[in-house]
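The values are calculated or read from the model by the stated rules, or taken from the named source; none is laboratory data. Remember, it's a predicted structure, so these values are computed and weren't measured experimentally. Here the Cβ is made from the backbone with ideal geometry for all residues, glycine too, and neighbour counts use every protein chain on show.
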Amino acid sequence: MRKNSSRIISFGRYRATDLLIFAAIIAGFDVMAYFAFTEWFASNPGNFYFSIAVPVALLVMVRWNWYGMFYAVFDGVLYCALAVFGSGGAYQGQALQYFLTYGIGNAFVGLACLMVRFMGYRRIARTWYFTLLYVLCGWFACVLGRSAVSACFGTNFFGALLSFMGPTELLSLAMGAVLMLIMRRLDGMFENQRDYLLRLDEERREKMRRDTFGDEPIEVDEEALRSLNKKGGDMF
């Protein structure tokens, strides 16, 4: 693919760069969220969870299909690591459960990929209510997954379900909805990247066709020119 007029990069490198940028966004936000929000708004970091994992995962699933699921898993594991290692041993005996709950539970966001597969990302991006439904499905899939994993450790499923739908999780849902509504308005952001690159290439070719149209001079043979000169201004 063509990156600009002087450099060509491979599709694999473009994909790797794009995925790395989103991973850096999640990691940076998680670190800031943990040290900022838990310091200012929560006395117990284990009871505070706020992230942009759902909108980022859903966005990457539109851009690169199943790759988005791993961003939600990465977000859950990273936050658990920050909480466990920053708690000073408060999670002894429960650290494994904590990691599995958010790691495996967040993987359930992959269920939202079925919505992309059957509805198509264009239809989801075209209307705001389908975009919100997409975010809600991804968010609830994570909540459902965490609750299911918690139930495997003996926790009441419905009790866990309600606990994972607390104020901070609802805040994550609201922030995810706002971010996705913004992202769908940006050209190429809420679009499968293969389709996006093909569209850009077609637009480039079309622009080149428009720019070069009429560049070639029209040649008229000498006999036709003499005929035009003889008729002069009376030819019309």
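With respect to the conditions (1) more than 24 Å from A160 (Cβ to Cβ); (2) modelled with pLDDT of 90 or more, G88 lacks only one, and its number is (2). Screening L186 on (1) of a type in the set (A, V, I, L, M); (2) closer than 30 Å to S10 by Cα; (3) in contact (Cβ under 8 Å) with a residue 12 or more places away in the chain shows it passes everything except condition (3).
Beta carbons closer than 8 Å, at least 6 apart along the sequence or on distinct chains, never pair a first residue in segment 83-98 that is under 19 Å from F35 (Cα atoms) and of a type in the set (D, E, K, R) with a second that is surrounded by fewer than 12 Cβ atoms within 10 Å (Cβ to Cβ) and modelled with pLDDT under 70.
Which residues, counting only those in segment 132-147, are touching a residue at least 12 places away in the same chain (Cβ under 8 Å) and either over 14 Å from L181 (Cβ atoms) or surrounded by 18 or more Cβ atoms within 10 Å (Cβ to Cβ) (or both)? Residues satisfying the conditions are Y134, V135, C137, G138, W139, A141, C142, V143, L144, G145, R146, S147. Checking each residue in segment 4-25 for being loosely packed, with under 11 Cβ neighbours inside 10 Å and either modelled with pLDDT under 80 or not in a helix (DSSP H, G or I) (or both) picks out N4, S5, S6, R7, I8, S10. All conditions in (1) of a type outside the set (A, V, I, L, M, F, W, C); (2) closer than 15 Å to A148 by Cα; (3) buried (at least 18 other Cβ atoms within 10 Å of the Cβ) hold for Q97, with the sole exception of (3).
Every residue, every condition in (1) at pLDDT 90 or above; (2) surrounded by 15 or more Cβ atoms within 10 Å (Cβ to Cβ), yes or no:
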{"position": "F153", "(1), (2)": "yes, no"}
{"position": "G159", "(1), (2)": "yes, no"}
{"position": "L162", "(1), (2)": "yes, no"}
{"position": "R184", "(1), (2)": "yes, yes"}
{"position": "G188", "(1), (2)": "yes, no"}
{"position": "N192", "(1), (2)": "yes, yes"}
{"position": "D201", "(1), (2)": "no, no"}
{"position": "M208", "(1), (2)": "no, no"}
{"position": "T212", "(1), (2)": "no, no"}
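Each row is one residue, and each column tells you yes or no for (1) out of contact with any helix residue (DSSP H, G or I) (no Cβ under 9 Å at 6 or more places or on another chain); (2) within 18 Å of Y79 (Cβ to Cβ); (3) small (G, A, S).
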residue	(1), (2), (3)
Y121	no, no, no
F130	no, no, no
S150	no, yes, yes
A177	no, no, yes
